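For reference, the structure is listed below as structure tokens.
Nothing in this text is a laboratory measurement; each read-out follows from the coordinates by a stated rule. None of the values given here were measured: they were computed from a predicted structure. Positions of Cβ are backbone-derived with ideal geometry, glycine not excepted, and every protein chain shown enters the neighbour counts.
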Amino acid sequence: NAGVTQTPKFQVLKTGQSMTLQCAQDMNHNSMYWYRQDPGMGLRLIYYSASEGTTDKGEVPNGYNVSRLNKREFSLRLESAAPSQTSVYFCASSRQGENYGYTFGSGTRLTVV
Amino acid sequence: GIQVEQSPPDLILQEGANSTLRCNFSDSVNNLQWFHQNPWGQLINLFYIPSGTKQNGRLSATTVATERYSLLYISSSQTTDSGVYFCAVTSGTYKYIFGTGTRLKVLA
């Protein structure tokens, strides 16, 4: 029972490089999310996917793209990494509908130098 | 957009003490969650509580949506309760806004 799995756990990029963060859930959840967490701050929503085949922008989408590959997988891509994207990235999933709560992955710590 | 304020920002307790964490929000919401982030960074959902009161072991939460606040009660605190507690709210369904958290340290 893995829940939400994120890869990689750690990554260092040079400015301008690209990379994709992977997220997969095995709970048959409809909705998936990408958040970033910066020191001293709460989490901020980057993108979300309410259901398979849909994606929408959150609070801080600039510099990111997402793909909902299938019901299980939701990836986050940085096309040209910038130091301002240094952060801890969390993927989450939830059932769609009433009385749901989030399940989070363990996070990816990304440093852009 | 909705503003979320959590208090206190920091809290230190002796093991066995009780505490109350508060979450105020600036506008009407229809969903609210409480999370615990442990010292290793893992985020765990504690409660989904848009209104009313819920209890889970030593933890309970109350949301008074009409007065725009929620409270998280921790009784008989243990060292494993240490970490950061976040409140998150949304007026829709998906776009949750997180507070900046209450950092709790429980001393043995």
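Odds and ends about this structure:
- Backbone HN-Hα couplings from phi across region A:45-62 [Karplus 6.51/-1.76/1.60, Hz, Gly and Pro as x]: 6, 8, 8, 9, 10, 5, 7, 4, x, 10, 9, 8, 6, x, 6, 10, x, 4
- Rough spin-label spacing in nm, given labels placed 7 Å along Cα→Cβ, for residue A:30 and residue A:73: 2.3
- Peptide B:37-45 - average C-beta neighbours from other chains (10 Å radius): 5
- Residues of region B:1-36 with an amide N closer than 11 Å to a point placed 7 Å from the Cα of residue B:44 along the Cα-to-Cβ direction: B:36.
- Protection proxy ranking of B:18-25, A:62-69 - average other beta-carbon atoms within 10 Å, highest first: B:18-25, A:62-69
- Straight-line cross-link reach from residue B:54 at under 19 Å between alpha-carbon atoms covers these aspartates and glutamates, not counting any fewer than eight positions away in the same chain: A:98, B:67, B:81.
- Residues in region A:81-90 carry Karplus couplings, in order, of 5, 10, x, 5, 8, 5, 5, 9, 10, 10 Hz; the curve used is 6.51 cos²θ - 1.76 cosθ + 1.60 with θ = phi - 60°, and Gly or Pro positions show x.
- Sites matching trypsin sites (Lys or Arg not before Pro) across region A:1-39 that sit in DSSP coil, with at most 14 neighbouring C-beta atoms within 10 Å: A:9, A:14
- Between residue A:10 and residue A:52, residue separation times 0.36 nm minus the direct Cα-Cα distance comes to 12.4 nm.
- In this Cβ point-charge picture (+1 for Lys and Arg, -1 for Asp and Glu), the protein assembly as shown has a dipole of about 320 debye about its Cα centre.
- Antiparallel %, DSSP beta bridges [both residues in region B:6-108], to 5: 90
- Size descriptors for chain B: radius of gyration and Dmax over Cα atoms are 13.1, 41 Å.
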